[in-house]
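The values are calculated or read from the model by the stated rules, or taken from the named source; none is laboratory data. As the structure is a prediction and not an experimental result, all values here were calculated from the model. Using ideal geometry, Cβ is built from the backbone for each residue, glycine included, and neighbour counts are taken over all protein chains shown.
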Number of protein chains: 2
Amino acid sequence: MNERITVVGAGLVGCLLSVMLAKRGYRVTLVERRSDIRSAAIYGGRSINLAMSDRGLAALDEAGIKDAILKVAIPMSGRMMHSTDGHQTYQPYGAEGQAINSVSRGELNKVLLSCAEECGVSIVFDHRCVDVDTATATAVFEHSTTGEQRTVQADVLFGADGAYSAVRDRLMRQDRFDYSQTYLAHGYKELHIPPAADGGFVLDKNSLHIWPRHSYMMIALPNLDGSFTCTLFFAHKGSPSFAELTSRDAVEQFFNEQFPDAVPLMPTLLDDFMTNPESSLVTVRCAPWVTAGEKVALIGDAAHAIVPFYGQGMNAGFEDCRILMLCLDAENGDWPRTLRRYESMRKPAGDAIADLALDNFIEMRDKVADERFLLRKKIEGWIHAHYPTKFIPLYTLVTFSPHVPYHEALRVGRAQDVLMERIMTTVPGGPECWNSEGGLAAIKAIMDELPTLAMEHQ
Amino acid sequence: MNERITVVGAGLVGCLLSVMLAKRGYRVTLVERRSDIRSAAIYGGRSINLAMSDRGLAALDEAGIKDAILKVAIPMSGRMMHSTDGHQTYQPYGAEGQAINSVSRGELNKVLLSCAEECGVSIVFDHRCVDVDTATATAVFEHSTTGEQRTVQADVLFGADGAYSAVRDRLMRQDRFDYSQTYLAHGYKELHIPPAADGGFVLDKNSLHIWPRHSYMMIALPNLDGSFTCTLFFAHKGSPSFAELTSRDAVEQFFNEQFPDAVPLMPTLLDDFMTNPESSLVTVRCAPWVTAGEKVALIGDAAHAIVPFYGQGMNAGFEDCRILMLCLDAENGDWPRTLRRYESMRKPAGDAIADLALDNFIEMRDKVADERFLLRKKIEGWIHAHYPTKFIPLYTLVTFSPHVPYHEALRVGRAQDVLMERIMTTVPGGPECWNSEGGLAAIKAIMDELPTLAMEHQ
């Protein structure tokens, strides 16, 4: 039980993993390439809000820090869609009382770092991983300014070092490592809505705001100080795209046309747009996550970097940690068996959430502005309320069902697509008439014959 | 017209590209990581035969060296399938007079190297590419023993350095470079059939021999000296697999059971099996092939490494070179426009031949042992002979139609799959009766109503 574990990367997942392992008595060394963010401001220009949902919370709960995090989170119970003429339409994410939570990535990371220290994790900052011996779980790190190298020996090493993982780069040099990195044609840029003069929120505080514009969109998430962090997801090239918006005039005209209700709320829009970087969106898949000999494993974005459109990147990484602990218990601390079991449970989940996240970009930027889609969501809500054991909307499975694996959610969601298409076309008089007497009778006739949902839980 | 061009990698594609460019007056520097193979034997344990077909020959013709290569090639006009009981079944690849050609990779490379020298190409051996500046087409090379570095400046740089390309590795570090490497669960091992005592061939010289065994296969290609090079394509793990054949006894028993007619022809089987490496099979896809600024481009395996089952790896790389010259002519030597056009023509072709090669593994190891499949091939041959403008078998499109792009071949092949399925199920009395009066009438009725094939040519 006192094996030595090296965790590479003190981001969200690396910190949480270290906390969980230290609480079980392992001797954990956590090594981070950058400086201690608690003493340096380094999050400028990156998307700083995250949507923490039930999967992330389940993992934090396991680590005993759920309540501390919820104190600095803002619940968002639904989407608020903004049309071009400024009209707002609200769509709840789930049932009454269900919400996702806007949290600051930087603040969350600071809390997790301090928590790791309190648990006795030895944290080494400013050291970049330059080599890993997969046979011995020995890693070499180089100091970012002095260039001095130090070697860290361990029994097990985790690469929790993100989408551009150095540990994974090392695994790629081994034979038969499958790998893909795929960029979206869309990138993103961060923008800003400040608080009102009195410190209040200028948009509904408990919503995730979306300006869906078919081929692109802007979103805004609330911060504790009354501000909103906005993100424009937009094509890199083509028309319209970032490539076209190179002057302040062009940006101003574009925003006035497309986001007229947001422009008055964004006094620093033009400066922000010209200054903040245009970032890329990548999906990374790889296999195996665990090396032959079972001494080195990938976790979080290092194993499965996904696009942000389901708000599940951090949640998926935290869930990796929770499931790893579950495997460790099931295998009585036998690390090789634990890591094999972890990989077999999480690789299909990682692939599924990557697909779901790509699909949800289409839903967010395009479908949420579609009448038929919103109607379908309403019908789904009614069916779920009346047949809760037979129908659970996909969004609910992904976001509010932390014990249903992502790949089960994906499988059930695909089947429900077929079912909903059948219902939408069966309702007499068209789907608009779904809550007429005849409509509800048609829906009930279909639902009554369906079996109860059978899903794997973990 | 006297721009300087650096070609990284003096393998088959790098050499042919250098020859073509030098013949057009460009000043070409060709840099190779390894030593000059004309003075060193370095091909031990690697698959040394290649199947040169019409696409490769069309490119060699463009470079003026087709006849020199054909002199050292052995034509193979069909597949000879060997069943477990030693029965041999012959299946022609195409029409009378059509053949693919067994050539030695090493000999071909030596001829191409000498040809490049004769054309005035400056060849630098023993230098590994360690850096590329994509903005200036400047590359840094390091001597393999002294470690000394030299910088080569150019107007355009080509990465022709194979499946594990160093130039591509450099491009991967740029933003938004899509990349995937995917390994087959199967690997391969090279084995050997020596010539007869009198120097003759112990199997039919003008066939590609296949021992199809459903989940795996062995093949043999003839060499000029009367020997055959055999390759066993076999799962790395599982049952049966390389992982199971770790003792001489196990190997002997397996071969006696599965390849009894080949064993007496392989006197060094056990030594070869225990000594020769178990190699991997990878498919590499990436994009873009041409960097922003259009000064660096990938070509051949560096751009599209494929599995060997269609015998098209070298042919595809040579075709890249031929099409690049075609683009250069069309764009009057304007390199940026040439490279963009080259990429737009060849990227879809590279993706298509990668898919075709993966599909053909199933065909070679499994379907060629299937009666219905062989029957379909016979019917296809008859249809092609009677409706040559309406039906061209996929194998003929890929192998003997050098002006039809691979992606056109793939598209037409998929449509013909549907057509053949229809014909096989329509023939009265079942497909066995295809050449009865009623069978031929049914086939003619279907074919007569079809339009002439419309395909892009290049």
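Scan segment A:136-145 and tell me whether some residue there is touching a residue at least 12 places away in the same chain (Cβ under 8 Å), surrounded by fewer than 17 Cβ atoms within 10 Å (Cβ to Cβ) and touching a Phe, Trp or Tyr at 6+ places or on another chain (Cβ under 8 Å). The answer is no, given that none of the residues of segment A:136-145 is touching a residue at least 12 places away in the same chain (Cβ under 8 Å), surrounded by fewer than 17 Cβ atoms within 10 Å (Cβ to Cβ) and touching a Phe, Trp or Tyr at 6+ places or on another chain (Cβ under 8 Å).
Filtered by the rule that a residue be within 14 Å of chain B (Cβ to nearest Cβ) and within 30 Å of B:ALA235 (Cβ to Cβ), segment A:131-169 gives A:SER165, A:ARG168, A:ASP169. Restricted to segment A:170-207, and to residues there that are facing chain B (nearest Cβ under 9 Å) and polar (S, T, N, Q), the residue that is surrounded by the most Cβ atoms within 10 Å (Cβ to Cβ) is A:GLN181.
To keep it simple, each residue is scored yes or no on (1) among the polar types (S, T, N, Q); (2) farther than 27 Å from A:ARG128 by Cα.
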{"residue": "A:ASP161", "(1), (2)": "no, no"}
{"residue": "A:ALA166", "(1), (2)": "no, no"}
{"residue": "A:GLN174", "(1), (2)": "yes, no"}
{"residue": "A:ALA185", "(1), (2)": "no, yes"}
{"residue": "A:LYS189", "(1), (2)": "no, yes"}
{"residue": "A:ALA197", "(1), (2)": "no, yes"}
{"residue": "A:PHE201", "(1), (2)": "no, yes"}
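Among the candidates A:VAL167, A:VAL140, the residue that is among the β-branched types (Val, Ile, Thr) and under 24 Å from the mean Cα position of the chain (by Cα) is uniquely A:VAL167. Whenever a residue of segment B:268-293 is more than 14 Å from chain A (Cβ to nearest Cβ), its partners that are crowded, with 18+ Cβ neighbours inside 10 Å and among the polar types (S, T, N, Q), lying with C-beta atoms within less than 6 angstrom and at least six residues away or across chains, give the pairs B:THR291/B:THR134. Against the condition part of a loop (DSSP other than H, G, I, E, B) and among the hydrophobic types (A, V, I, L, M, F, W, C), how does A:LEU450 come out, does it pass? Yes, satisfied. Taking the conditions (1) of a type outside the set (Ser, Thr, Tyr); (2) more than 14 Å from chain A (Cβ to nearest Cβ); (3) without any contact (Cβ under 8 Å) to a residue 12 or more places away in the chain; (4) touching a Lys or Arg at 6+ places or on another chain (Cβ under 6 Å) in turn, B:ALA243 satisfies each one other than (2). The test for being away from every other protein chain (no Cβ under 14 Å) and either of a type in the set (Val, Ile, Thr) or within 26 Å of A:SER215 (Cβ to Cβ) (or both) holds for A:PHE259.
A residue that is surrounded by fewer than 19 Cβ atoms within 10 Å (Cβ to Cβ) and of a type outside the set (Asp, Glu) cannot be found anywhere in segment A:299-318.
Suppose we filter A:ARG346, A:ARG411, A:ARG340 for residues that are in a helix (DSSP H, G or I), assigned by TED's automatic domain parsing to the domain that holds A:LYS23 and surrounded by fewer than 19 Cβ atoms within 10 Å (Cβ to Cβ); which single one remains? Result of the check over A:ARG346, A:ARG411, A:ARG340: A:ARG340. With respect to B:TYR216, determine if the residue is within 14 Å of chain A (Cβ to nearest Cβ), in contact with a Lys or Arg (Cβ under 8 Å, 6 or more places away or on another chain) and surrounded by fewer than 21 Cβ atoms within 10 Å (Cβ to Cβ). No. Does B:ASP366 count as touching a residue at least 12 places away in the same chain (Cβ under 8 Å) and either crowded, with 20+ Cβ neighbours inside 10 Å or not hydroxyl-bearing (Ser, Thr, Tyr) (or both)? Yes: the conditions hold for B:ASP366. Report yes if some residue within segment A:370-389 is outside any loop (DSSP other than H, G, I, E, B), in contact with a Ser or Thr (Cβ under 9 Å, 6 or more places away or on another chain) and over 30 Å from A:ASP320 (Cα atoms); otherwise report no. There is at least one residue in segment A:370-389 that is outside any loop (DSSP other than H, G, I, E, B), in contact with a Ser or Thr (Cβ under 9 Å, 6 or more places away or on another chain) and over 30 Å from A:ASP320 (Cα atoms). When the residues of segment A:256-297 are filtered to those that are hydroxyl-bearing (Ser, Thr, Tyr) and buried (at least 17 other Cβ atoms within 10 Å of the Cβ), the one that is nearest to A:ASP155 (Cα to Cα) is A:THR291. For segment A:445-458, the tally of residues that are closer than 26 Å to A:GLU432 by Cα and either touching a helix residue (DSSP H, G or I) at 6+ places or on another chain (Cβ under 8 Å) or among the polar types (S, T, N, Q) (or both) stands at 3. Here is a check on your reading of the model: is A:ASP161 at pLDDT 95 or above, more than 30 Å from A:LYS378 (Cβ to Cβ), assigned by TED's automatic domain parsing to the domain that holds A:ARG340 and surrounded by fewer than 20 Cβ atoms within 10 Å (Cβ to Cβ)? No.
Within segment B:307-322, is there a residue that is among the hydroxyl-bearing types (Ser, Thr, Tyr), under 23 Å from B:ALA154 (Cβ atoms) and touching a Ser or Thr at 6+ places or on another chain (Cβ under 9 Å)? No, every residue in segment B:307-322 fails to be among the hydroxyl-bearing types (Ser, Thr, Tyr), under 23 Å from B:ALA154 (Cβ atoms) and touching a Ser or Thr at 6+ places or on another chain (Cβ under 9 Å). Every condition in (1) over 25 Å from A:GLU62 (Cβ atoms); (2) outside the structural domain of A:ARG27 (by TED's automatic domain parsing); (3) buried (at least 17 other Cβ atoms within 10 Å of the Cβ) is met by A:TYR406 except one, and the failing one is (1).
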